[in-house]
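A.B. asks: Have a look at the structure that comes next, please.
The values are calculated or read from the model by the stated rules, or taken from the named source; none is laboratory data. As the structure is a computational prediction, the values presented were derived from the model and not from experiment. Note: ideal-geometry Cβ built from the backbone for every residue, glycine included; neighbour counts use all protein chains shown. For accessibility, only protein heavy atoms count, side chains too; no ligands or nucleic acids. Shrake-Rupley method; radii C 1.70, N 1.55, O 1.52, S 1.80 Å.
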Number of protein chains: 2
Amino acid sequence: MIPAAIIFDFDGVIADSEVRANRTLAESLTAIGLPTTYEECLRDYCGHNWQETERRIVARLGRSLPTDFRAQHRARARERFAEGFSPVPGAPAFLDRLGTLPRAIASSSSPDYIAMSLDRFGLAHHFGGHVYSADGWDRGKPFPDIYLAAAKGLGVEPAQCLAIEDSPIGAAAAISAGMIVVGFCGAGHIVDRAAHGDMLRRVGVHHVALRFEEVAALA
Amino acid sequence: MIPAAIIFDFDGVIADSEVRANRTLAESLTAIGLPTTYEECLRDYCGHNWQETERRIVARLGRSLPTDFRAQHRARARERFAEGFSPVPGAPAFLDRLGTLPRAIASSSSPDYIAMSLDRFGLAHHFGGHVYSADGWDRGKPFPDIYLAAAKGLGVEPAQCLAIEDSPIGAAAAISAGMIVVGFCGAGHIVDRAAHGDMLRRVGVHHVALRFEEVAALA
């Protein structure tokens with residue numbers, strides 16, 4: 001398949017952010033009296049947008065969140081990000097070789113955070129206005145909506161798009177949108193890459209790639 | 001949540017068939033020169049309808065399948081099923097206690113096989129005409145279509161349906177249809193139930209149940 005466009009998930013695909021993000025969430029949850037480990041955050045919240053993450057936290061906590069919870073969590077996250085923040089190895093080089101192939105980001109994270117990160121990485125010029133955020137949507141991933149919005153924004157049929165996703169929830173969203181999906185296992189939070197690839201295969205991804213060099217062979 | 005309807009996946013939820021089905025598929029693939037283990041079948045094909053299964057086999061084989069492949073495979077499967085075939089423990093009792101709650105089957109398997117199995121188990125009267133098969137559809141699970149068809153057939157909003165699924169592909173389909181999803185880990189092919197439940201949580205299921213008694217607490 002020669003795709004007509006490539007749609008990238010952001011965290012765990014472009015930004016090597018999931019270790020830090022999930023450690024920070026574990027700290028924020030523990031601080032409000034819901035003791036939670038990094039591993040539990042990766043399992044229960046990773047890949048969801050904030051609305052769904054909040055619903056899941058409230059269900060576990062059994063009461064509503066402190067009204068300043070997101071603000072406090074964001075302040076904590078900003079501190080952590082200031083300690084250092086890198087793109088996923090191979091992502092900048094992969095983007096450089098795409099030429100004029102249309103591409104977009106379809107992410108569950110907030111638009112501000114995505115814009116800040118792309119600026120810091122020097123990668124913003126690759127995407128122009130084609131950054132689609134499911135933050136603020138009631139139906140985030142694994143619903144296909146954000147992927148369909150990205151394809152529509154690029155003016156490309158979903159079936160002609162190659163989507164790159166590291167989380168099972170994101171992979172399910174892209175599959176349901178009718179895209180060809182690469183399960184990507186190249187980010188720092190993925191400890192056992194073979195096992196993660198197996199899990200993504202069970203969700204139904206069409207290809208598994210352990211690093212960007214393998215994605216390049218598909219696009 | 002008190003659901004307005006329950007929609008059941010079939011294999012691995014009603015029929016304890018996945019061990020035998022995946023062993024049989026491993027035999028059929030090995031017989032045509034594609035050596036495949038039971039574990040690989042569970043990982044790569046389980047949960048998909050025949051059309052997608054065939055696409056995946058062809059992609060791996062690198063040539064088209066023998067024209068009689070499905071017929072040969074079905075003959076082999078019939079022999080294996082004759083050796084013994086049981087419902088998932090707890091499924092008949094669970095169905096008995098549903099009273100008048102609308103319920104349907106949404107399965108990737110063939111209508112003939114589902115009808116034959118329900119007859120053998122003495123469970124056909126529970127479903128009336130509400131057996132929906134994605135076999136023959138180009139877009140099977142994880143696309144939401146079969147779940148949406150089942151909800152429409154029952155005349156119930158998808159968001160009011162509780163779906164019960166054992167495979168990540170099926171769970172992704174039900175989630176994308178907008179249903180509340182129970183990740184079910186009670187069938188015989190699931191060796192490590194805790195690990196399987198974790199995997200289903202990562203796909204985004206709302207609940208995990210290790211046996212039908214735990215599903216009963218939700219419905």
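A.B. asks: Which residue is nearest to B:ASP11 (Cα to Cα), if the candidates are limited to the range B:137-147 and must be at the interface with chain A (Cβ under 10 Å from one of its Cβ atoms) and out of contact with any Gly (no Cβ under 7 Å at 6 or more places or on another chain)? Explain how you work it out, then say what you get.
C.D. replies: The first filter runs over the range B:137-147 and keeps only residues at the interface with chain A (Cβ under 10 Å from one of its Cβ atoms), leaving B:139-145.
Checking which are out of contact with any Gly (no Cβ under 7 Å at 6 or more places or on another chain) leaves us with B:139-140, B:143-145.
Details: B:ARG139: 18, B:GLY140: 15, B:PHE143: 17, B:PRO144: 17, B:ASP145: 18 Å.
It comes out as B:GLY140.
A.B. asks: Could you run through the range B:1-32 and say how many residues are assigned to a helix (DSSP H, G or I) and crowded, with 19+ Cβ neighbours inside 10 Å?
C.D. replies: 9
A.B. asks: Also, I was wondering about something else. Output the qualifying pairs, or none if there are none: Cβ atoms under 7 angstrom, residues six or more apart or on different chains, first residue in the range A:206-219 and farther than 12 Å from A:GLY90 by Cα, second residue open to solvent by 40 Å² or more (accessible area, probe 1.4 Å) and assigned to a strand (DSSP E or B).
C.D. replies: A:HIS206/A:ILE180; A:LEU218/A:HIS207
A.B. asks: Something else now. So A:VAL208 clears everything in (1) open to solvent by less than 10 Å² (accessible area, probe 1.4 Å); (2) more than 8 Å from every other protein chain (Cβ to nearest Cβ) except one condition, right? Which one?
C.D. replies: All conditions pass for A:VAL208, except number (1).
A.B. asks: Name, by its number, the condition in (1) in contact with a strand residue (DSSP E or B) (Cβ under 9 Å, 6 or more places away or on another chain); (2) not assigned by TED's automatic domain parsing to the domain that holds B:GLY99 that does not hold for B:LEU25.
C.D. replies: (1)
Table: residues versus (1) within 15 Å of the chain's Cα centre (by Cα); (2) surrounded by 14 or more Cβ atoms within 10 Å (Cβ to Cβ); (3) on the phi < 0 side of the Ramachandran plot; (4) not aromatic (Phe, Trp, Tyr).
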{"residue": "A:ARG63", "(1), (2), (3), (4)": "no, no, yes, yes"}
{"residue": "A:ARG74", "(1), (2), (3), (4)": "no, yes, yes, yes"}
{"residue": "A:GLU83", "(1), (2), (3), (4)": "no, no, yes, yes"}
{"residue": "A:PRO87", "(1), (2), (3), (4)": "yes, yes, yes, yes"}
{"residue": "A:ILE114", "(1), (2), (3), (4)": "yes, yes, yes, yes"}
{"residue": "A:ASP119", "(1), (2), (3), (4)": "no, no, yes, yes"}
{"residue": "A:ALA124", "(1), (2), (3), (4)": "no, yes, yes, yes"}
{"residue": "A:PHE127", "(1), (2), (3), (4)": "no, yes, yes, no"}
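A.B. asks: Keeping to the range B:129-142, report how many residues are charged (D, E, K, R) and either open to solvent by less than 20 Å² (accessible area, probe 1.4 Å) or not assigned by TED's automatic domain parsing to the domain that holds B:GLY153 (or both). Even if it seems obvious, please write down each step before you answer.
C.D. replies: From the range B:129-142, those charged (D, E, K, R) are B:135, B:138-139, B:141; that's our starting set.
Those left that are additionally either open to solvent by less than 20 Å² (accessible area, probe 1.4 Å) or not assigned by TED's automatic domain parsing to the domain that holds B:GLY153 (or both): B:141.
So the count comes out to 1.
A.B. asks: Among B:THR36, B:THR100, B:THR67, which is the only one that is part of a loop (DSSP other than H, G, I, E, B) and closer than 30 Å to B:ILE2 by Cα?
C.D. replies: The conditions single out B:THR100.
A.B. asks: Examine the range B:148-163 for a residue that is under 12 Å from the mean Cα position of the chain (by Cα) and either under 24 Å from B:GLU213 (Cβ atoms) or within 11 Å of another protein chain (Cβ to nearest Cβ) (or both), and state whether such a residue exists.
C.D. replies: yes
A.B. asks: Which of the following residues is within 14 Å of chain B (Cβ to nearest Cβ) and of a type in the set (S, T, N, Q): A:THR67, A:THR100, A:THR37?
C.D. replies: Sole residue among the options that is within 14 Å of chain B (Cβ to nearest Cβ) and of a type in the set (S, T, N, Q): A:THR37.
A.B. asks: If the Cβ limit is 9 Å and pairs must be 6+ apart or interchain, which residue in the range B:170-193 that is within 12 Å of another protein chain (Cβ to nearest Cβ) and surrounded by fewer than 24 Cβ atoms within 10 Å (Cβ to Cβ) pairs with which residue that is among the hydroxyl-bearing types (Ser, Thr, Tyr) and in a helix (DSSP H, G or I)?
C.D. replies: B:GLY178/B:TYR147
A.B. asks: Name the residues in the range A:37-61 that are open to solvent by 60 Å² or more (accessible area, probe 1.4 Å), free of Cβ contacts under 8 Å to residues at least 24 places away in the same chain and not aliphatic (A, V, I, L, M), would you?
C.D. replies: Passing the criteria: A:THR37, A:GLU39, A:GLU40, A:GLU54, A:ARG55.
A.B. asks: Just checking, which of B:TYR113, B:TYR132 is of a type in the set (Phe, Trp, Tyr) and part of a helix (DSSP H, G or I)?
C.D. replies: Details: B:TYR132 fails: part of a helix (DSSP H, G or I).
Step by step, each of B:TYR113, B:TYR132 is checked, and only B:TYR113 is of a type in the set (Phe, Trp, Tyr) and part of a helix (DSSP H, G or I).
Here's the yes/no breakdown for (1) at pLDDT 95 or above; (2) over 21 Å from A:GLY136 (Cα atoms); (3) of a type in the set (Ser, Thr, Tyr); (4) not assigned by TED's automatic domain parsing to the domain that holds A:LEU200:
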position: A:ASP9; (1), (2), (3), (4): yes, no, no, no
position: A:LEU29; (1), (2), (3), (4): yes, no, no, yes
position: A:GLY33; (1), (2), (3), (4): yes, yes, no, yes
position: A:ASP44; (1), (2), (3), (4): no, no, no, yes
position: A:ALA77; (1), (2), (3), (4): no, no, no, yes
position: A:PRO92; (1), (2), (3), (4): yes, yes, no, no
position: A:ARG103; (1), (2), (3), (4): yes, yes, no, no
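A.B. asks: List pairs: first residue in the range B:87-101 and in contact (Cβ under 8 Å) with a residue 24 or more places away in the chain, second residue open to solvent by 60 Å² or more (accessible area, probe 1.4 Å) and of a type outside the set (A, V, I, L, M) anywhere in the structure, Cβ distance under 6 angstrom, at least six positions apart or on different chains.
C.D. replies: B:GLY90/B:ARG211
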